[in-house]
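The values are calculated or read from the model by the stated rules, or taken from the named source; none is laboratory data. Just so it is clear, the structure is predicted and the values come from calculations on it, not from any experiment. Cβ placement follows ideal geometry from the backbone for every residue including glycine, while neighbour counts extend to all protein chains displayed. When the accessible area is computed, the model is the full protein with side chains, heavy atoms only, and any ligands, DNA or RNA have been set aside. Shrake-Rupley method; radii C 1.70, N 1.55, O 1.52, S 1.80 Å.
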Amino acid sequence: MLRGVIRGHIVSTKKQAALVGSKFMEVELMKNGVLTGEYIIAVDSVGAGINEEVLITTGSSARLALNNTSAPCDAVIVGIVD
């Protein structure tokens with residue numbers, strides 16, 4: 001699991017059918033509580049917003065967080081850090 005801060009959203013005019021309706025977010029990753037300057041694009045499953053700290057799951061288990069487990073997705077936002 002990764003931790004990061006949402007820096008923006010990604011707008012796409014076309015998506016793979018299983019991802020239509022999904023919101024893509026650009027997330028700056030953190031390591032040991034410090035922002036790294038590295039970014040990842042993740043599908044938002046919790047309604048997170050810009051500048052919120054989030055938890056991200058990656059790999060094949062990321063699809064399990066979505067309603068459609070056959071979606072081609074490698075990173076999903078699964079939590080908002082309070």
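A compact table of results
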item: The chain, accessible surface, carbon-and-sulfur percent (1.4 angstrom probe); result: 50
item: Label-point separation in nm, residue 58 to residue 13, each point 7 Å along Cα→Cβ; result: 3.1
item: Mean separation of Cα contacts under 8 Å (6+ apart) over length of the chain, as relative contact order %; result: 32
item: Per-residue ³J(HN,Hα) for region 13-20, Karplus 6.51 cos²θ - 1.76 cosθ + 1.60, θ = phi - 60°, Hz, x for Gly and Pro; result: 7, 9, 9, 4, 3, 5, 9, 4
item: Residue-normalised accessible area of region 7-82, given per residue in Å² at a 1.4 Å probe; result: 61
item: Alpha-carbon Rg/Rh ratio, for the chain, with Rh computed the Kirkwood way; result: 0.95
